[in-house]
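Student: A single structure is presented below for examination.
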2 protein chains.
Amino acid sequence: MNFDLEEAIEVLERTPRTLEALLSGLSAGWLRSNEGEGTWNAVEVVDHLIESERTNWVPRLAFLLQEGESKSFPPFDRFAHLGQSEQPLARKLEEFQAVRTENLAKLRTLVDPERDLERTGRHPSFGIVRARELLSTWVVHDMTHIAQIVRVMAERYRTDVGPWTAFLGILKK
Amino acid sequence: MNFDLEEAIEVLERTPRTLEALLSGLSAGWLRSNEGEGTWNAVEVVDHLIESERTNWVPRLAFLLQEGESKSFPPFDRFAHLGQSEQPLARKLEEFQAVRTENLAKLRTLVDPERDLERTGRHPSFGIVRARELLSTWVVHDMTHIAQIVRVMAERYRTDVGPWTAFLGILKK
């Protein structure tokens, strides 16, 4: 195990600025690129990250710390964000920054890393899970979606790169 | 084909700031994480991006525009950066920003997008390649390495996430 609360927060607090640097001001061609029918573009990934802040990580953590194994987490709809918001991307990136900052402040008040990381709750499909597993997942979930955003943007140049496709791991999918 | 020079530059000019936001100030545990023997950590990826700026993209483009198909590009050593530099990451990120900015300025003087994008040169393994393919590859290469950095950092929590591993695409590798 490598989990450390302060190191996890280092990553979590950097994600909004990373997405701001990566996406802010890009042309619609990049922002609307996806991997085909039923797949998300970069903006939809940001919507999903905002929705996850609101309903998944910290709410589930608070639920676990309060209820223990007695009740399952309320289900989380991974598609709830789709088609929800017509705000411009700049506003969404600000919103993600705000809700993430707020959640990291809550996290510090909710969790004592000496005592709470191995506390258990009940996931609706996995059964018994630990606070540490939920928090690690929050971190890796950010990484998954940063990788997804660059992958869906790369898709746009799949044909343009010509023979170099052989050297570009991101196009292997 | 989707290539557009101005849109390509949009991505290329954002990568140094994206890596700065993602990596600057992270603990050594994140920066040294890799995927096992012979794989790169985040800092080695930054070294590779700097080396590629110096010897790959713009130098090859200038060579293509000057030599056409008459001579193959000088070979590019994808491992030249390994073990080369002991500078702190903050300095490397500044260096990447500086060399990228310089290369984008050169790109604008070298290429007339109305005339030069379909011009051809000779790649040592692929044979005939186009300027547009080289430039698209530069963009997708950035995306490949951003995805690689978050993937090697995610590796660190592979065990910590417990049963959520099933939902985290980045750990599927």
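Since every read-out is calculated from the coordinates, none of them should be taken as a lab result. Model, not experiment: these values are computed from the prediction. Virtual Cβ from ideal backbone geometry, glycine too; neighbours counted across all protein chains shown.
Student: Just one of the numbered conditions (1) without any contact (Cβ under 8 Å) to a residue 12 or more places away in the chain; (2) assigned to a loop (DSSP other than H, G, I, E, B); (3) of a type in the set (S, T, N, Q) is not true of A:GLN66; which one?
Tutor: It fails just one condition, (2).
Student: Additional query: Go through segment B:27-45 residue by residue and tally those that are in contact (Cβ under 8 Å) with a residue 60 or more places away in the chain and either touching a His at 6+ places or on another chain (Cβ under 9 Å) or of a type outside the set (D, E, K, R) (or both).
Tutor: So the answer is 9.
Student: In addition: Do you know which of the residues in segment A:101-123 that are among the hydroxyl-bearing types (Ser, Thr, Tyr) and either buried (at least 21 other Cβ atoms within 10 Å of the Cβ) or away from chain B (no Cβ under 11 Å) (or both) is farthest from B:TRP30 (Cα to Cα)?
Tutor: A:THR109
Student: Quick check, is B:ALA98 within 12 Å of chain A (Cβ to nearest Cβ) and either under 24 Å from A:GLU155 (Cα atoms) or within 16 Å of the chain's Cα centre (by Cα) (or both)?
Tutor: No: the conditions fail for B:ALA98.
Student: What do you reckon, is A:GLU44 assigned to a loop (DSSP other than H, G, I, E, B) and not aliphatic (A, V, I, L, M)?
Tutor: So A:GLU44 does not fit the description; no.
Student: Tell me yes or no: at least one residue of segment A:73-93 is within 14 Å of another protein chain (Cβ to nearest Cβ), outside any loop (DSSP other than H, G, I, E, B) and not hydrophobic (A, V, I, L, M, F, W, C).
Tutor: no
Student: Okay, moving on. Is it the case, given these coordinates, that B:VAL139 is closer than 23 Å to B:PRO16 by Cβ and β-branched (Val, Ile, Thr)?
Tutor: So B:VAL139 fits the description; yes.
Student: Shifting gears a bit: From the set of residues in segment A:38-64 that are among the aliphatic types (A, V, I, L, M) and closer than 14 Å to A:LEU135 by Cα, which is surrounded by the fewest Cβ atoms within 10 Å (Cβ to Cβ)?
Tutor: A:ALA62
Student: Oh, and also: If we keep just the residues of segment A:149-173 that are touching a residue at least 40 places away in the same chain (Cβ under 8 Å) and within 7 Å of another protein chain (Cβ to nearest Cβ), which is farthest from A:LEU107 (Cα to Cα)?
Tutor: A:ARG156
Student: Now, a different point. Would you please name the residue that is nearest to A:GLU44 (Cα to Cα), looking only at residues in segment A:124-147 that are within 7 Å of chain B (Cβ to nearest Cβ), surrounded by fewer than 22 Cβ atoms within 10 Å (Cβ to Cβ) and not hydrophobic (A, V, I, L, M, F, W, C)?
Tutor: It comes out as A:THR144.
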